[in-house]
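Below is one structure, written out as structure tokens; comments come after it.
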Amino acid sequence: MKTCSFFGHREVSDTIEDKLLEYIEYAINTLGITAFYVGGYGDFDRKVTNLMIPIRNKYPHIQLLLALAYLPTKKDPIDKSNWYDDTVYFDGLEFAPKRFAITKRNRLMVESSDAIICYITRNHGGAYTAVKYAKKQEKPILNCVKTDVL
């Protein structure tokens with residue numbers, strides 16, 4: 001299984017959907033990606049999740065996996081309903097202090113991925129840090145905006 005992770009800022013432009021769709025199709029058809037990890041927070045992840053519904057109808061073998069930073073609790077269960085095919089909780093996250101869990105999860109997503117699709121416009125924040133790490137790991141990175149940040 002070849003995987004791709006999504007990383008993006010909480011607020012995103014409405015104009016990225018065409019580029020995002022282009023990169024998802026490229027990842028599937030050219031890179032052979034069959035599973036996509038998404039973190040489930042912010043506007044970028046919501047756009048990804050909404051775009052993946054028609055993608056999964058077109059390519060039924062594709063999976064969208066919600067990468068958890070925390071184990072679900074009875075008080076806060078995960079409702080994957082029709083949005084996600086499954087959830088992933090990476091080994092080693094159980095030892096991460098809660099305040100570092102998202103950063104650790106992002107690193108594990110990068111390490112488990114064959115490619116990255118992102119929306120990075122500034123040189124700070126969790127998405128930027130994850131994509132910078134992916135660049136050091138020499139992962140293919142497809143950024144939905146032209147920028148000098150990376």
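Listing for the model above:
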{"read-out": "Every residue from segment 18-75 that is of a type in the set (D, E) and more than 13 Å from the chain's Cα centre (by Cα)", "value": "D18, E22, E25"}
{"read-out": "Test: residue in segment 1-9 that is among the small types (G, A, S) and either assigned to a loop (DSSP other than H, G, I, E, B) or surrounded by fewer than 18 Cβ atoms within 10 Å (Cβ to Cβ) (or both)", "value": "no"}
{"read-out": "So I53, is it modelled with pLDDT of 95 or more and either under 18 Å from Y26 (Cα atoms) or in contact with a strand residue (DSSP E or B) (Cβ under 7 Å, 6 or more places away or on another chain) (or both)", "value": "no"}
{"read-out": "Search result, residues across segment 91-113 that are in a loop (DSSP other than H, G, I, E, B) and crowded, with 19+ Cβ neighbours inside 10 Å", "value": "S113"}
{"read-out": "Of all residues in segment 102-126 being modelled with pLDDT under 95 and small (G, A, S), the one that is nearest to D91 (Cα to Cα)", "value": "G126"}
{"read-out": "K75 vs. criteria modelled with pLDDT under 95 and in a helix (DSSP H, G or I)", "value": "no"}
{"read-out": "Complete set of residues in segment 17-48 that are surrounded by 19 or more Cβ atoms within 10 Å (Cβ to Cβ), part of a helix (DSSP H, G or I) and either touching a residue at least 40 places away in the same chain (Cβ under 8 Å) or aliphatic (A, V, I, L, M) (or both)", "value": "L20, Y23, I24, A27, I28, F44, V48"}
{"read-out": "Segment 115-126 residues that are in a loop (DSSP other than H, G, I, E, B), paired with ones that are surrounded by 24 or more Cβ atoms within 10 Å (Cβ to Cβ) and aliphatic (A, V, I, L, M) (beta carbon under 8 Å, 6 or more apart)", "value": "I120/A127; I120/V131"}
{"read-out": "Any hit, segment 80-87, residues being farther than 18 Å from A130 by Cβ and under 13 Å from the mean Cα position of the chain (by Cα)", "value": "yes"}
{"read-out": "Residue within segment 70-83 that is of a type outside the set (V, I, T), touching a Phe, Trp or Tyr at 6+ places or on another chain (Cβ under 8 Å) and in contact (Cβ under 8 Å) with a residue 60 or more places away in the chain present", "value": "no"}
{"read-out": "Residue within segment 78-87 that is closer than 24 Å to R122 by Cβ, not basic (K, R) and not in a helix (DSSP H, G or I) present", "value": "no"}
{"read-out": "Test set (1) out of contact with any Gly (no Cβ under 6 Å at 6 or more places or on another chain); (2) aliphatic (A, V, I, L, M); (3) closer than 23 Å to D14 by Cβ - L68 fails condition number", "value": "(3)"}
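The values are calculated or read from the model by the stated rules, or taken from the named source; none is laboratory data. Since this is a predicted model, take the numbers as computed values, not measurements. Neighbour counts are summed over all protein chains in view; Cβ atoms, including those assigned to glycine, are modelled from backbone coordinates with ideal geometry.
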